[in-house]
Amino acid sequence: METMEMGTSEFPRASLRDFLHVLFKRKVQILLFFLVTFFTVAVGTLITKPTYEAKAQILVKLGRESIYVPATGNVSPLLSINRQEQINSEIEILKGQSLARAVVDTLDPKTIYPQLVAEKKGFLAAVIPGTRDQKSAAEKALMALQKKLEVQGIKKSNVIALSFQHNDPQMAATVVNTLANLYLDRHLDVHKTPQSYAFFQQQSQLLKNKLGQAETSLQALKKQYAVTALGEQQSLLLGQSAELRAELNRSLSREVEVENRIAKLSVQLGAIPKTIPQGEEVDHNPYLISNLEARLVSLQLKEKELLSKYTAQSRLVQNVKEDIRMLRRKLAANMKKRYGKTRSGVNATYQQMQQELLRSEADFNALKAKSEAQRTQLADYRKELDELNKIEVIHNQLEQAVDVDRENYRLYLTKFEESRISDAMDSKKITSVNLIEPVQTPLNPVSPKVFLNLVLGLFLGAFGALGLAFFLEYLDDGLEKIEEVEECFQLPVLGCLPELERGN
């Protein structure tokens, strides 16, 4: 007991000699462990089926999928510029179960992993296709494919790295190529709006018909009321109404003025006499004298005529001469007589004022008739203006409806054209994601790596064997060296026997 306590209390300092001693002492265990480890690694490496990795790189660009265009309104398109979110979204699409399932359904599970189908195919599956055994095989193939599929974004770039491992290099390339093609279609399906082309086409036609009806109603209104330029007509009518109202005011003012003047003239005319004396004159009776002279001349002519036919002593001539003498006496008597008379006439002031009164009354009647006509015309203008205002309300409503329908039709027509172009681009698979280079069939397997595994097996065997040797040496409690004996028993060693002799 004392020996063990002394032996475990302190270990001697290790040296190269001690290290070599352990190696030679445990050479059998070291060599055996090394050979077993190296052989195991080598055999495992050689018997493991090679795994090939097909790779592809997808470039995600900024395209129409990253732009959100509102369906209506004049709102500016929204551009998504968060590149990391966009790449992460595409990575999730690539990792999605639906895309992996589409690959499995496209290539068939027994083509991708024939061993899974062989393991799961039972008697029932062999007799009745489409049973639970085949579905389980498809699920297993899906899980295996997702396990071997790796999708990751390359830092500080717009590239997504896609890789898939399989024992068959051709199948690995086929799976990656199929996945990339299905992803391009899936990318288009995810980002496009379903049935947008048919929707915008239908809405564009409906709005076109609605616009046509609104324009027809507007034209019918213009034709019914003979509206060409409603604003100009209203402005012209308002101007005419204003001018007519101003003329009416002037007529009314003139009418009042003339009426006042008529009243004043009537008062003045009542105070003025109609006639006034114009003078007195004394003269012969011109009418009588003139008749007497005329008869005298006639008798003298008759006397000459009778003398040409008869003698002066003729009775007829004598009678005429007597008449002549009598007329001369009367003419002489009348020439001596004088007749006096007083002359009066119309008062010129009264006549002038009466004419002025008549003119004023005529002006008053004319002004009154004119103002009545102006009132009637102004009422017609107001009525016409009210009618135009009512027409304006209806016209504005119809015009606004036409503008709204035209704007909506233009908007939906633009959306329809954008949708048509988008569908055409989708049909041609024009998208913002592209396969950088075609998937190539891998020529060299990614695992197992024979040289690396052998080197690792060599180092693992060597270091493992050394570790095992020193571990066994640590567990060995025997005393082999003189220094260990002296240190353990605290007594000097007087001599020692060789190992063979001690064995005998």
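All of the numbers you see were taken from the coordinates with simple rules; none came from a lab. Worth saying up front: this structure is predicted, and the values here are computed from it rather than measured. FYI the Cβ positions are ideal-geometry reconstructions off the backbone, even for glycines, and counts take in every protein chain you see.
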Per-residue Cβ neighbour rank within 10 angstrom, fewest leading, Val267, Val41: Val267, Val41
Ranking of Ser217, Ser419 by count of other Cβ atoms within 10 Å, fewest first: Ser217, Ser419
For Asn167, distant residues with modelled amide H under 5 Å away: Tyr52
For Ser251, Ser447, order by how many other beta-carbon atoms lie within 10 Å, fewest first: Ser447, Ser251
